[in-house]
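Novice: Dropping a structure here in structure tokens format, bear with me for questions.
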Amino acid sequence: MLASVRSAMLFGVEGLIVDVQVHVSTGLPSYTVVGLPDAAVRESRDRVRAALLSSGLTWPQRRVTVNLAPSGVRKSGPGLDLPFALGLMLAGEELPAGVLDGVGVIGELGLDGSLRPIPGVLAMVDALHRSGVDAVVVPAGNAAEAALIGGARVLPATSLNEARAALKGEAGWAAVPAPVSAGDDTAGDHELRPDLAVVRGLATGRRALEVAAAGGHHLLMVGRPGAGKTLLAQCLPSILPPLDPEEALEVTRIHSAAGRPVAGRLVVERPFRAPHHTASAAALVGGGSGRPRLGEVTLAHRGILFMDELAEFAPMALDALRQPLEDRVVRISRQGAAVTFPADFLLVAASNPCPCGLGPPDCLCSEANRSRYRRRLSAPLVDRFDLRVALGAAPPAAPPGAGSAVVRERVAEAMARQRARYAGRPWRRNARVPAGALARAVPLTAPAADALRQVAERRSWSGRGMAGVHRVARTLADLDGEAAVAPEHVLLAAGMREDVL
């Protein structure tokens, strides 16, 4: 007797369709899983057996073979427990033939037959729906998350017996929780972030922060302890507009894959991640032993990655950032598989000017210590910061500047201009324009081009440095509402690319 159940597993942050084929035949009692199962999948035998017996069902005293297709990809995670159990019930005629045609099944079983929620359901349901599945059986704890995929009928169940009774028509499915709208969030992250109005003085830092938000430019701030670097970075989410629907679905999918709770609504606040300086390269970019894990750069996708005390991070971890900063994705290769994680984030970093933090002229460090400190930040990494500013202490009586709401409106208008300009192109922000497309997509007037060339020659910039200033100048023009980039925009952009270390 042969039964087939369509399921899915998490592969990176995407769902991968898995066809679970269960064959029950005569022979000595055994249970074999083939198709490159990992330890969690191999251990399903004991979980499924205990769940069936706890639910008052029988375990077949026959030869059971489970095949997981496609056989060339390693299968991981406990979400295949429920497909195994329902496949056994189909093969043993405990369920009517054809009852699972066009139905996907996902879920982990407890030893008592309960269905336990699993991470990554959003991506799995999306993959099943796109493969032609009309309905998906999921644990009741994942129902609200699964319902975010429009068009897919969600069939929640709290236990194996409940799923069996509903499939046989003896009872109805559990109710799907009503979706939660973004406006129902009573304490959004934006309310927990400091308002830009609390930042007094620091005109250069405030302007650089606004430019970084508007154009998506990476920002490095250097200054003494207490200069306001961390406070500025913490204000950045408050001047960014919320995620659009497409971005919200991407970020919610990542939250789901990371096992973070998705309470029946899309994530609309941009992520803000601030890893400690002891984080390893694998913690920052993802990977690790065994199944690749999401790194901070992926958890910060479509949001901000703030790295305080940048020079205190391990050089190997910092160098691992260079490829994600360039490609906006992380590619992790393992034997037999390669996983790609999204990593389109805005990097904001803060650093002291030297180990003692005072900087010239009051620095207490030896020249050897200062050189060793600067060498922890490689030139290729620093060159990827389009904005590099030095911050001095603000005067005690400095007046407060504009609040986050005012600045956020300017940022939103500048971003709207960029979306209109780049409509139909694979990028939407000035910082994402490839160097080879700058002349066509972001042309400079003749005076602006001359200004850029003169400054680049005087400061011996690389091609990447010139392209970075070109992009920042375009963002400054967008913030000013100007159609063309003027020489003053180029000079201001050049002034925000200081040699801070």
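The values are calculated or read from the model by the stated rules, or taken from the named source; none is laboratory data. Just so it is clear, the model here is predicted, and its values are computed rather than measured. Neighbour counts run over all protein chains shown; Cβ positions are idealised from the backbone, glycine included.
Novice: I'd like the residue in region 139-175 that is of a type in the set (D, E, K, R) and not in a helix (DSSP H, G or I) and, out of all such residues, is surrounded by the most Cβ atoms within 10 Å (Cβ to Cβ).
Specialist: This residue is 153.
Novice: Looking at region 252-298 only, could you name the residues that are in a helix (DSSP H, G or I), out of contact with any Asp or Glu (no Cβ under 9 Å at 6 or more places or on another chain), under 16 Å from residue 11 (Cα atoms) and of a type in the set (A, V, I, L, M, F, W, C)?
Specialist: Within region 252-298, 254 is the sole residue that qualifies.
Novice: Need the failing condition index for residue 49 against (1) more than 28 Å from residue 134 (Cβ to Cβ); (2) touching a His at 6+ places or on another chain (Cβ under 9 Å), just the number.
Specialist: (2)
Novice: What pairs come up if the first residue lies in region 253-267 and is touching a residue at least 12 places away in the same chain (Cβ under 8 Å), the second is surrounded by fewer than 18 Cβ atoms within 10 Å (Cβ to Cβ) and among the hydroxyl-bearing types (Ser, Thr, Tyr), and their beta carbons are under 6 Å apart, counting only those six or more places apart or on different chains?
Specialist: Matching pairs, first to second residue: none at all.
Novice: Given the condition among the hydrophobic types (A, V, I, L, M, F, W, C) and in a loop (DSSP other than H, G, I, E, B), answer yes or no: does some residue in region 117-129 qualify?
Specialist: Quick first cut of region 117-129, residues among the hydrophobic types (A, V, I, L, M, F, W, C) only: 118, 121-125, 127-128.
If we keep only those that are in a loop (DSSP other than H, G, I, E, B) as well, we get 118.
Yes - at least one qualifying residue is present in region 117-129.
Novice: Pairs please, first residue from region 375-386 and touching a residue at least 24 places away in the same chain (Cβ under 8 Å) and within 13 Å of residue 326 (Cβ to Cβ), second anywhere and assigned to a loop (DSSP other than H, G, I, E, B) and of a type in the set (Gly, Ala, Ser), Cβ atoms under 8 Å, 6+ apart in sequence or on different chains.
Specialist: Close Cβ pairs (under 8 Å, with a partner that is assigned to a loop (DSSP other than H, G, I, E, B) and of a type in the set (Gly, Ala, Ser)) amount to 383/462.
Novice: A follow-up question, please. When you scan region 396-443, how many residues do you find that are of a type in the set (A, V, I, L, M, F, W, C), farther than 26 Å from residue 344 by Cβ and not in a helix (DSSP H, G or I)?
Specialist: Of the residues in region 396-443, 3 are of a type in the set (A, V, I, L, M, F, W, C), farther than 26 Å from residue 344 by Cβ and not in a helix (DSSP H, G or I).
Novice: With the condition being in contact with a Phe, Trp or Tyr (Cβ under 9 Å, 6 or more places away or on another chain), I'd like the helices (runs of 4 or more DSSP H) fully within region 31-93 carrying at least 2 qualifying residues.
Specialist: Output list reads 44-54.
Novice: When you scan region 214-236, do you find a residue that is of a type in the set (Val, Ile, Thr) and closer than 25 Å to residue 200 by Cβ, even just one?
Specialist: Initially, region 214-236 is screened for residues of a type in the set (Val, Ile, Thr), giving 222, 230.
Right, trim to closer than 25 Å to residue 200 by Cβ and you get 222, 230.
Within region 214-236 (the criterion being of a type in the set (Val, Ile, Thr) and closer than 25 Å to residue 200 by Cβ), the answer is yes, since at least one residue qualifies.
Novice: Checking residue 227 against (1) buried (at least 20 other Cβ atoms within 10 Å of the Cβ); (2) free of Cβ contacts under 8 Å to residues at least 40 places away in the same chain: exactly one of these is not met. Which one?
Specialist: (2)
Novice: Can you tell me which of 419, 432, 425, 370 is of a type in the set (D, E, K, R) and either at positive phi or modelled with pLDDT under 90 (or both)?
Specialist: Sole residue among the options that is of a type in the set (D, E, K, R) and either at positive phi or modelled with pLDDT under 90 (or both): 370.
Novice: Ok, one more. Of all residues in region 239-254 being touching a helix residue (DSSP H, G or I) at 6+ places or on another chain (Cβ under 8 Å) and surrounded by fewer than 20 Cβ atoms within 10 Å (Cβ to Cβ), which is nearest to residue 416 (Cα to Cα)?
Specialist: Going through the qualifying residues, I end up with 241.
Novice: Do we find that residue 441 is in the same structural domain as residue 197 (by TED's automatic domain parsing) and either more than 24 Å from the chain's Cα centre (by Cα) or among the β-branched types (Val, Ile, Thr) (or both) in this structure?
Specialist: no
Novice: Scanning region 13-30 for residues that are in a strand (DSSP E or B) and either of a type in the set (A, V, I, L, M, F, W, C) or touching a Leu at 6+ places or on another chain (Cβ under 6 Å) (or both), which turns out farthest from residue 88 (Cα to Cα)? Spell out the reasoning first.
Specialist: Looking only at region 13-30, we keep the residues that are in a strand (DSSP E or B), and these are 14-25, 30.
If we keep only those that are either of a type in the set (A, V, I, L, M, F, W, C) or touching a Leu at 6+ places or on another chain (Cβ under 6 Å) (or both) too, we end up with 16-18, 20, 22-24.
Working: 16: 22, 17: 19, 18: 16, 20: 10, 22: 6, 23: 8, 24: 8 Å.
Here the answer is 16.
Novice: Let me confirm something: among 412, 477, 423, which residue is under 26 Å from residue 199 (Cα atoms) and out of contact with any helix residue (DSSP H, G or I) (no Cβ under 8 Å at 6 or more places or on another chain)?
Specialist: Details: 477 fails: out of contact with any helix residue (DSSP H, G or I) (no Cβ under 8 Å at 6 or more places or on another chain); 423 fails: under 26 Å from residue 199 (Cα atoms).
From the options 412, 477, 423, the qualifying one is 412.
Novice: Continuing with the same structure: Taking the stated definitions as given, is residue 116 of a type in the set (Lys, Arg), at pLDDT 90 or above and closer than 23 Å to residue 133 by Cβ? Full working, then the answer.
Specialist: On the way: of a type in the set (Lys, Arg): yes; at pLDDT 90 or above: yes; closer than 23 Å to residue 133 by Cβ: yes.
Answer is yes for this residue.
Novice: Hey, another quick one. Determine whether residue 48 is β-branched (Val, Ile, Thr), surrounded by 17 or more Cβ atoms within 10 Å (Cβ to Cβ) and modelled with pLDDT of 95 or more.
Specialist: Here the answer is no, as residue 48 does not meet what is asked.
Novice: Would you say residue 473 is in contact with a His (Cβ under 6 Å, 6 or more places away or on another chain), surrounded by 13 or more Cβ atoms within 10 Å (Cβ to Cβ) and either within 22 Å of residue 383 (Cα to Cα) or in contact (Cβ under 8 Å) with a residue 12 or more places away in the chain (or both)?
Specialist: Yes: the conditions hold for residue 473.
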